[in-house]
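A quick write-up on the structure given underneath.
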Amino acid sequence: MNVVLVTPVRLFAEGLAACLGSHPGISLCGTVSDLSSLRRALEVLQADAALIDVTQGVDLEEVRMLAGERPSLALVALGLHEQRQTVIRCGRAGFAGYVARTASVNELCEALSDVVAGRLACGAEISGGLLRALFRKEPHAALPALDEALTRREEEVLELIGRGLSNKEIARELHLSVATVKHHVHRVLEKLRVVRRAQAMRRVRDMPWILSLPETAWRAGAKET
């Protein structure tokens, strides 16, 4: 298992690298200081998981964007306060698992193996909170409605934003110019009443019903201008 570590604390990074080096099956393939550096590193690293130090605080919007860009990369929150709402927020942001602040190195390695294998190990209270959050029915009205309905093209653009694509990638996907895509992105953000793409990605996660077109419909219109 190839793991990349994200932490701004160099001493911590070097100590953890030394500890992980003695555990068979886990290879620390890189260490970076922040999420922006992680994105660049992933262009060349073949990583199965990213172990992200959250003890210094982390921008969950950036995590959401990274999760959308790299769906096959397991994101693990390192040093998390094991509280129900904190775990739920991290899960909604795209983290596939977490390592509590009280965990040992052995527990850290077990957690990494579990996450890469698609398992989540946590206490009974956290498990219960996750299940309640999953099955709780919240009315759509709890989230703000759109001031103006999205057009079919804007829905296509928003769906691709939700998958973490850049303007250039969206332009290639929909056979449009980058300038046209920028116009649609501006209109989408305006209608969603957000200012950042990461916020639009979150809105797609929280309000999936705003993308009303089935895949076959928006694919069929992909060559329209």
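Computed FRET efficiency, Cβ-Cβ of ARG10 and ALA149, R0 41 Å: what is it to the nearest 0.05?
Working from the Cβ atoms, E equals 0.25.
Report the full-extension gain for the segment HIS81 to GLU107: residue separation times 0.36 nm, less the Cα-Cα distance, to one decimal in nm. List each step's numbers first, then the result.
Details: separation 26, 0.36 × 26 = 9.36 nm, distance 1.52 nm.
My answer for the length gained is 7.8 nm.
Using label points projected 7 Å from each Cα along Cα→Cβ, tell me how many nm separate ARG193 and ARG89, to one decimal.
Reported label-point gap for ARG193 and ARG89 is 2.2 nm.
When Lys and Arg each count +1 and Asp and Glu each count -1, what net charge do the other residues less than 13 Å away from ARG70, Cβ to Cβ, add up to? All intermediate terms of the calculation are to be shown ahead of the outcome.
Working: positive: ARG39, ARG40, ARG64, ARG163; negative: GLU43, ASP48, GLU62, GLU69.
Local net charge: 0.
Which whole-Hz couplings ³J(HN,Hα) result when phi for each residue of region 24-30 is put into the Karplus expression 6.51 cos²θ - 1.76 cosθ + 1.60, θ = phi - 60°, listed in order with x for Gly and Pro?
Running phi through 6.51 cos²θ - 1.76 cosθ + 1.60 with θ = phi - 60° gives x, x, 10, 10, 7, 8, x Hz.
Zone of ALA117 (label point 7 Å along Cα→Cβ, backbone N under 18 Å): which residues in region 8-44?
Taking a point 7 Å out along Cα→Cβ of ALA117, the residues of region 8-44 whose backbone N falls under 18 Å are 23-27.
Quick check: residue separation of HIS175 and CYS19 times 0.36 nm, minus the Cα distance between them. What number comes out in nm?
51.3 nm
Among rounded, prolate and oblate, which fits region 1-117 when a ≥ b ≥ c are the square roots of the eigenvalues of its C-alpha gyration tensor, a/c under 1.5 means rounded, and a/b larger than b/c means prolate?
Details: a/c = 1.35, a/b = 1.10, b/c = 1.23.
Rounded is the answer for region 1-117, as its axis ratio a/c remains below 1.5.
Values quoted throughout were computed directly from the atomic coordinates according to the rules given, and no laboratory measurement underlies them. What you see is a predicted model; the values in this text were computed from it and never measured. Positions of Cβ are generated from backbone atoms using ideal geometry, with glycine treated the same way; all protein chains shown enter the neighbour counts.
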